[in-house]
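Q: Below is a structure I'd like to ask you about.
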Amino acid sequence: VLKLFKLLHRTRQEVFKNDPRALEAARQKINEEFRNNRDETSEEKINELLKIATDVEVILRTSVIQAVHTDSNKI
């Protein structure tokens, strides 16, 4: 669980670098989700949550695109 938590934060830092607002929002969401489920004892539920977190990490790494306005008509 801790390894996945750290991986999500490293991915967040790579995907949202140079975007302080997105970095902070992602940090808060990751911490909130792990905090909300820290007392979970059901092995089945824990495995389900770990699968969701793994899927989120893959989506962040492969599907999120950061764009920068370079001109009024260009991104």
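Q: Would a scan of the range 48-59 turn up a residue that is within 19 Å of VAL1 (Cβ to Cβ), more than 14 Å from the chain's Cα centre (by Cα) and either at pLDDT 95 or above or β-branched (Val, Ile, Thr) (or both)?
A: Among the residues of the range 48-59, at least one is within 19 Å of VAL1 (Cβ to Cβ), more than 14 Å from the chain's Cα centre (by Cα) and either at pLDDT 95 or above or β-branched (Val, Ile, Thr) (or both), which makes the answer yes.
Q: If you take the residues in the range 30-47 that are outside any helix (DSSP H, G or I) and surrounded by 10 or more Cβ atoms within 10 Å (Cβ to Cβ), which one is nearest to the chain's Cα centre (by Cα)? Steps first, answer last, please.
A: Initially, the range 30-47 is screened for residues outside any helix (DSSP H, G or I), giving 37-42.
Next, from what is left, pick out any that are surrounded by 10 or more Cβ atoms within 10 Å (Cβ to Cβ): 37, 40.
Details: ASN37: 16, GLU40: 20 Å.
The selected residue is ASN37.
This table checks each residue for (1) of a type outside the set (Ser, Thr, Tyr); (2) open to solvent by 90 Å² or more (accessible area, probe 1.4 Å).
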| site | (1), (2) |
| --- | --- |
| LEU2 | yes, yes |
| LEU8 | yes, no |
| ASP19 | yes, no |
| GLN28 | yes, yes |
| THR54 | no, no |
| VAL64 | yes, no |
| ILE75 | yes, yes |
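Q: What is the number of the single condition among (1) at pLDDT below 95; (2) surrounded by 12 or more Cβ atoms within 10 Å (Cβ to Cβ); (3) of a type outside the set (S, T, N, Q) that HIS69 does not meet?
A: (2)
The values are calculated or read from the model by the stated rules, or taken from the named source; none is laboratory data. What you see is a predicted model, and the numbers here were worked out from it, not measured in a lab. Here the Cβ is made from the backbone with ideal geometry for all residues, glycine too, and neighbour counts use every protein chain on show. Quick note on the areas: whole protein, heavy atoms, side chains included, nothing else; ligands and nucleic acids left out. Shrake-Rupley method; radii C 1.70, N 1.55, O 1.52, S 1.80 Å.
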